[in-house]
Amino acid sequence: MKIVKIDMGNLSVNEEAESKYKRLGGRAITSKIIHDEVMATCHPLGAENKLIFATGLLTGSGASSADRYSVGAKSPLTGGIKESNAGGISGLMLGKLGIKALVFSNVREDFKIIHISKSGVKFVDATPILGKDLSVASNWLRDTYGKHVAVWLIGVAGEQKMNLAAIAGQDKDGDPTRFNGRGGLGAVAGSKGIKAIVLDASDVKKNRPSNKESFRKALKQYHSWLMETPGTAKILPELGTASLVETTNTLGALPTRNFSTGAIEGYKNITGETLRETIIERGGEGSTTHACMPGCIIRCSNVYADKSGKRITGPIEYENIGLLGSNLDITNLDEIAELNHLCNELGIDTIETGGALGVLMAQNVISFGDAKGAVSALKEIKNGTPLGRIIGSGAEVIGKLYGEPHVPTVKGQTMPAYDPRAVKGLGVTFATSPMGADHTAGQTVRAQINHHSPEGQVEVSKKAQTVNTIWDNLGMCMFSSGAVQNRWDILAELISAYTGEVYSGEDIVNTANETLKVEHAFNRRAGFTKAHDKLPDYFYVEENKASKTVFDVPQYEVDTIGVNRNDL
């Protein structure tokens, strides 16, 4: 495996051996490179920032849910270090090409398509796909370079360097619906003139484990856990992540009307059960179960169709329902699907978009429940109008522009669909993660704990942050965690047999904790202090009527994690 470094200023390419990062994967690589090579105080959209795509340690191995990849940079949204990971086929293709990490530096004014194959790297003018909807641009790339390629690309929001711009990859069917959504990484790509990356692994042999027999044995155990665990064997394949709607609404944690409360009257219309029933009833191009990557046992994705059976969008996830639905006082799946489809075509993060629209609704710029008004406002992004630019700046900037104190962000990033007054462990994660408010940085909603009590939440969040970092480093889906149950030795056997490097379960945990240290260290150099490790004031003093709680985890406990902590 090799590290490929591309200077977008002069379009030069250099290759290096992976030696420095041989035992690292995914988030561990992106964060290490950012920590070591990026000036923490640089402008995120300037020449000093770097954009890194990295495969996980098990990417391409054939293990279920193990073809995820990480993208990292200094975030224009948070001002700190950022990693965002996704599934699909793009990471798999990068690994097949023998590339452990792609590192982009410098900036440029025009846009390029970067074509990567076993023959090397080529740069092509991206003018034919500029300003196009994401699906149109993706189809053009596949028509031009072949259906067998994988792509990463940005939408019009990334071209305009907006804070909520995402990077899209393809699912196994070639649709650009797998997003590195958080942190505005699409804007970083736009600043470097990267419109699309085409990965062509033609005539490249499939990756093989270093020790086939040991790998087969460990893989059999891992897959048996996935198939024996109700969450991965039944709940997620049938209901997807939307299975959480019933749970969070009951907890009083489903964000409603700009996080003003945690339950909504018409929630039954948007549950995972209703989503599944609707897709089945409509038939056609819809599908209740879909794998974003080849060979995934969990298959938690879906395809949503209209009443005539024609595809509208895919997938509709819990976060889409929470931020584009209940948070906007919308409880109609068709309206949520339309907003989700538009976000996908623009190439923007659905979570940040839902947060931005929620703050606008709190200011009566758009009325709560006005789906048509929300759609109309999002269309302004494509035109680059003042309103489009305002929405594209994200929720925190909108709050400052309109003088709105109820802005559900931490470190500049919108909270995912969990009110932290009702799931307090996630409140700790939102406050202390180096990534800003991010549920994938330390998910606690399934922890066996009283989510309304402040007791034990810091320890639960701390452990979850380590666990989620492990999955990010391995290139594996965090939904596997319920089946694996921290039995890291089997994963260590998988990695050892696949890579030929000897790993222990302890090594996996230590690398995750070291990654967190590196990330906090970067943020300290960027100017973050313990004052940044807190939620917005109103969560501490205004009761969530649905849960009858405020966020009351003692700050001195919260401060044992995060930017001012020396040892994780």
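The values are calculated or read from the model by the stated rules, or taken from the named source; none is laboratory data. The structure presented is a predicted model; accordingly, all values stated were derived computationally and were not measured. When we count neighbours, we look across all protein chains shown, and the Cβ atoms used for this are built from the backbone with ideal geometry, even at glycine.
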- Going through (1) in contact (Cβ under 8 Å) with a residue 24 or more places away in the chain; (2) surrounded by fewer than 24 Cβ atoms within 10 Å (Cβ to Cβ); (3) closer than 26 Å to Ala253 by Cβ; (4) not small (Gly, Ala, Ser) one by one, Thr432 fails only at (2)
- Task: Kindly indicate which of Val198, Val156 is more than 22 Å from Pro294 (Cβ to Cβ), of a type outside the set (Gly, Ala, Ser) and touching a residue at least 12 places away in the same chain (Cβ under 8 Å).
- Result: Val156
- Query: Out of all the residues in region 264-312, which are among the charged types (D, E, K, R) and either without any contact (Cβ under 8 Å) to a residue 24 or more places away in the chain or over 23 Å from Ser65 (Cα atoms) (or both)?
  - Reply: Glu265, Lys268, Glu273, Glu277, Glu281, Arg282, Glu285, Asp306, Lys307, Lys310, Arg311
- Please identify the pairs in which a residue from region 161-190 that is closer than 16 Å to Ala54 by Cα has its Cβ atom under 8 Å from the Cβ atom of a residue that is aromatic (Phe, Trp, Tyr), counting only partners at least 6 apart or on another chain. Ile167/Trp152; Ile167/Phe179; Ala168/Trp152; Ala168/Phe179; Gly169/Tyr69; Gly169/Trp152; Gly169/Phe179; Ala189/Phe104
- Query: In region 31-146, which strands (runs of 3 or more DSSP E) lie fully inside it and hold 1 or more residues that are touching a Gly at 6+ places or on another chain (Cβ under 8 Å), among the hydrophobic types (A, V, I, L, M, F, W, C) and at pLDDT 95 or above?
  - Reply: 51-55, 69-74, 81-86
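Residue-wise test of (1) touching an Asp or Glu at 6+ places or on another chain (Cβ under 8 Å); (2) within 29 Å of Val484 (Cβ to Cβ); (3) buried (at least 17 other Cβ atoms within 10 Å of the Cβ).
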| residue | (1), (2), (3) |
| --- | --- |
| Gly88 | yes, yes, yes |
| Lys122 | no, no, no |
| Ala137 | no, no, yes |
| Asp143 | no, no, no |
| Val151 | no, no, yes |
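Matching residues to (1) in contact with a Gly (Cβ under 6 Å, 6 or more places away or on another chain); (2) within 22 Å of Thr414 (Cα to Cα); (3) modelled with pLDDT under 95; (4) part of a loop (DSSP other than H, G, I, E, B):
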| residue | (1), (2), (3), (4) |
| --- | --- |
| Thr429 | yes, yes, no, no |
| Met435 | no, yes, no, yes |
| Thr440 | no, yes, yes, no |
| Arg446 | no, yes, yes, yes |
| Asn450 | no, no, no, yes |
| Ala464 | yes, yes, no, no |
| Ile470 | no, no, no, no |
| Ile495 | no, no, no, no |
- In region 515-525, is there at least one residue being surrounded by fewer than 19 Cβ atoms within 10 Å (Cβ to Cβ) and polar (S, T, N, Q)? no
- Query: Considering only residues of region 2-30 that are assigned to a helix (DSSP H, G or I) and basic (Lys, Arg), which is farthest from Gly98 (Cα to Cα)?
  - Reply: Arg27
- Considering (1) out of contact with any strand residue (DSSP E or B) (no Cβ under 6 Å at 6 or more places or on another chain); (2) more than 18 Å from Thr440 (Cβ to Cβ); (3) not aromatic (Phe, Trp, Tyr), say which one Thr177 fails and leave the rest. (2)
- Query: Got a number for residues in region 206-224 being buried (at least 19 other Cβ atoms within 10 Å of the Cβ) and part of a helix (DSSP H, G or I)?
  - Reply: 4
- Go through (1) of a type outside the set (S, T, N, Q); (2) in contact (Cβ under 8 Å) with a residue 24 or more places away in the chain; (3) surrounded by fewer than 24 Cβ atoms within 10 Å (Cβ to Cβ) one by one and return the number of the condition Glu459 breaks. (2)
- Residue within region 101-120 that is in contact with a His (Cβ under 9 Å, 6 or more places away or on another chain) and without any contact (Cβ under 8 Å) to a residue 40 or more places away in the chain present: no
- Item | Breaking point among (1) in contact with a helix residue (DSSP H, G or I) (Cβ under 7 Å, 6 or more places away or on another chain); (2) under 23 Å from Ile113 (Cα atoms); (3) among the aliphatic types (A, V, I, L, M); (4) surrounded by fewer than 23 Cβ atoms within 10 Å (Cβ to Cβ), for Ala40 | (2)
